[in-house]
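J.: Please see the structure below; I have some questions.
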Amino acid sequence: MVTAIDRYPNSKDPASPLDIRPVTGRIGAEIRGVQLSGDLDGATVQAIEAALVRHKVIFFRGQTHLDDAEHEAFAGLFGDPVAHPTVPVAEGSRYLLELDSKEGYAASSWHTDVTFVDAYPKGSILRSITAPEAGGDTVWANTETAYEGLPEPLRQLANNLWAVHTNDYDYAAQFGLKRDTSDPEAAQQKRAEFQKAVFASTVYETEHPVVRVHPVSGQRSLLLGHFVRNFVGLNKADSAKLYDVLQEHITKPENVVRWRWEPGDVAFWDNRATQHRAVADFALQRRTLRRATVNGDVPVSIDGRTSRTTKKEKAAATEAA
């Protein structure tokens, strides 16, 4: 069987009309000579989509001409753009999510976007508006090569696992908001406000296969990330130990690419075959990005079963953690 690793997914594709420069051996490539817009011709769109599936995340430098409308129009070339299910859209946009640093907060935890719903996004397109002078990079991991690299006993175990993904957890902790022991009351209030501000307006729980099949390439990948609460049939303690074992295979250095942002950079990643995280090392420097998201399909397991949402309800009033 030809595996994702055997195919060297990040070698340059000689059949592509694009100028593609791989960034690492297994994930990430920069595409040069393309000015992004909603008016790209069909051949270029097709070539970009093929590069996305092959390289998992593709980068474009110097796209400072993009505004919100053109950003959304470009995303629309690859499917139906959708707003985040629980977070308001950026002011003046139809679908964009704004990621604007507040005291150094960033999603500094490995995740695949919005896996707490069943048909989570196919891909995300992130545009840098303001970048720190140093720090604030984003890293992505290839979940296909991670699966292929599993020892056979672990692979067979993963093949039969399902996991519950939910957005109901402590976001303040995930985003690095520390407890202030000098003023506990103020710290408690700050954490409550932060928790209320992100992702918690509606609580979702969804069961996904730990190994999903890519709808285009047919490759298998590991579907995990910080939205996982537990594995179906396992308690919290056992789930946590097994999660750590599998997750560490995903984030091995061999499977990871790191991108240093400059204003005008655009990153487009295949959300069906990657995880990512922001590196929260930029202190009080400004870091502003906007993200367009393209609607996805419901994952299919290797035995043909599909993911299912088991809970969707308005959240209760948020209390401090």
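J.: Sort out which residues of the range 49-103 are touching a Leu at 6+ places or on another chain (Cβ under 7 Å), of a type outside the set (Gly, Ala, Ser) and under 30 Å from residue 314 (Cβ atoms), and write them in order of number.
T.: Narrowing the range 49-103 to residues touching a Leu at 6+ places or on another chain (Cβ under 7 Å): 51, 58, 60, 63, 66, 68, 71-72, 74, 77, 84, 87, 89-90, 99, 103.
From what's left, of a type outside the set (Gly, Ala, Ser): 58, 60, 63, 66, 68, 71-72, 74, 77, 84, 87, 89, 99, 103.
Residues satisfying the conditions are 68, 72, 84, 87, 89, 99, 103.
J.: Only one of 239, 307 is open to solvent by less than 50 Å² (accessible area, probe 1.4 Å) and over 19 Å from the mean Cα position of the chain (by Cα). Can you tell me which?
T.: The unique qualifying residue is 239.
J.: Here is a list: 73, 43, 69. Which entry is hydrophobic (A, V, I, L, M, F, W, C) and over 17 Å from residue 293 (Cβ atoms)? Even if it seems obvious, please write down each step before you answer.
T.: Numbers: 73 fails: over 17 Å from residue 293 (Cβ atoms); 69 fails: over 17 Å from residue 293 (Cβ atoms).
Exactly one of 73, 43, 69 is hydrophobic (A, V, I, L, M, F, W, C) and over 17 Å from residue 293 (Cβ atoms), namely 43.
J.: Counting only residues that are open to solvent by 30 Å² or more (accessible area, probe 1.4 Å) and either among the polar types (S, T, N, Q) or at pLDDT 95 or above (or both), which one in the range 13-29 is farthest from residue 126 (Cα to Cα)? Working first, answer last.
T.: Let us first name the residues in the range 13-29 that are open to solvent by 30 Å² or more (accessible area, probe 1.4 Å), namely 13-15, 17, 19, 21-26.
Subset that is either among the polar types (S, T, N, Q) or at pLDDT 95 or above (or both): 19, 21-26.
Values: 19: 20, 21: 19, 22: 19, 23: 18, 24: 20, 25: 22, 26: 21 Å.
Within the range 13-29, the match that is farthest from residue 126 (Cα to Cα) is 25.
J.: Let me ask you something else. Would you please list the contacts, defined by Cβ atoms under 6 Å and residues six or more apart or on different chains, that run from a residue in the range 259-277 that is more than 13 Å from residue 140 (Cβ to Cβ) and modelled with pLDDT of 95 or more to a residue that is open to solvent by 10 Å² or more (accessible area, probe 1.4 Å) and part of a strand (DSSP E or B)?
T.: Correct list of pairs: 266/127.
J.: Output the residues belonging to the range 244-282 that are of a type in the set (Asp, Glu) and over 17 Å from residue 109 (Cβ atoms).
T.: Of everything in the range 244-282, those that are of a type in the set (Asp, Glu) and over 17 Å from residue 109 (Cβ atoms) turn out to be 254, 262, 265, 270.
J.: Any chance you could count how many residues in the range 278-304 are under 23 Å from residue 249 (Cβ atoms), buried (at least 20 other Cβ atoms within 10 Å of the Cβ) and among the hydrophobic types (A, V, I, L, M, F, W, C)? Please lay out each step first, then the result.
T.: Of the range 278-304, the ones under 23 Å from residue 249 (Cβ atoms) are 278-279, 299-303.
Going one step further and asking which of them are buried (at least 20 other Cβ atoms within 10 Å of the Cβ), we end up with 278, 299, 301.
Subset that is among the hydrophobic types (A, V, I, L, M, F, W, C): 278.
Adding up the residues that qualify gives 1.
J.: Checking the structure you have, find out if any residue of the range 95-110 is within 27 Å of residue 208 (Cα to Cα) and at pLDDT 95 or above.
T.: Checked the range 95-110: at least one residue is within 27 Å of residue 208 (Cα to Cα) and at pLDDT 95 or above.
J.: Please specify each residue of the range 257-277 satisfying the condition of being out of contact with any Gly (no Cβ under 7 Å at 6 or more places or on another chain) and open to solvent by 10 Å² or more (accessible area, probe 1.4 Å).
T.: So in the range 257-277, the residues out of contact with any Gly (no Cβ under 7 Å at 6 or more places or on another chain) come out as 258-260, 262-263, 265-267, 273-274, 276-277.
Those that are out of contact with any Gly (no Cβ under 7 Å at 6 or more places or on another chain) and open to solvent by 10 Å² or more (accessible area, probe 1.4 Å): 258, 259, 260, 262, 263, 276, 277.
J.: Just to be sure before I move on: is residue 147 modelled with pLDDT of 95 or more, not in a helix (DSSP H, G or I) and not basic (Lys, Arg) in the structure I sent? Walk me through it before giving the result.
T.: On the way: modelled with pLDDT of 95 or more: yes; not in a helix (DSSP H, G or I): no; not basic (Lys, Arg): yes.
Criteria not met by residue 147.
Yes or no, residue by residue, for (1) open to solvent by 40 Å² or more (accessible area, probe 1.4 Å); (2) more than 25 Å from residue 250 (Cβ to Cβ); (3) free of Cβ contacts under 8 Å to residues at least 24 places away in the same chain:
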residue: 58; (1), (2), (3): no, no, no
residue: 65; (1), (2), (3): yes, yes, no
residue: 68; (1), (2), (3): no, yes, no
residue: 71; (1), (2), (3): no, yes, no
residue: 77; (1), (2), (3): yes, yes, no
residue: 80; (1), (2), (3): yes, yes, no
residue: 94; (1), (2), (3): yes, yes, yes
residue: 98; (1), (2), (3): yes, yes, no
residue: 106; (1), (2), (3): no, no, no
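J.: Tell me, yes or no, whether the range 54-61 has at least one residue that is modelled with pLDDT of 85 or more, under 18 Å from the mean Cα position of the chain (by Cα) and over 19 Å from residue 137 (Cβ atoms).
T.: Let us first name the residues in the range 54-61 that are modelled with pLDDT of 85 or more, namely 54-61.
From what is left, the residues that are under 18 Å from the mean Cα position of the chain (by Cα) are 54-60.
If we keep only those that are over 19 Å from residue 137 (Cβ atoms) as well, we get 54.
Yes - at least one qualifying residue is present in the range 54-61.
J.: Restricting attention to the range 217-239, report how many residues are over 21 Å from residue 149 (Cα atoms) and out of contact with any strand residue (DSSP E or B) (no Cβ under 6 Å at 6 or more places or on another chain).
T.: 5
The values are calculated or read from the model by the stated rules, or taken from the named source; none is laboratory data. All values reported here derive from a predicted model rather than from experimental measurement. Cβ coordinates were reconstructed from backbone atoms using ideal geometry, including for glycine residues, and neighbour counts include every protein chain displayed. Side chains are part of the model used for accessible areas, which takes the heavy atoms of the whole protein and leaves out ligands, DNA and RNA. Shrake-Rupley method; radii C 1.70, N 1.55, O 1.52, S 1.80 Å.
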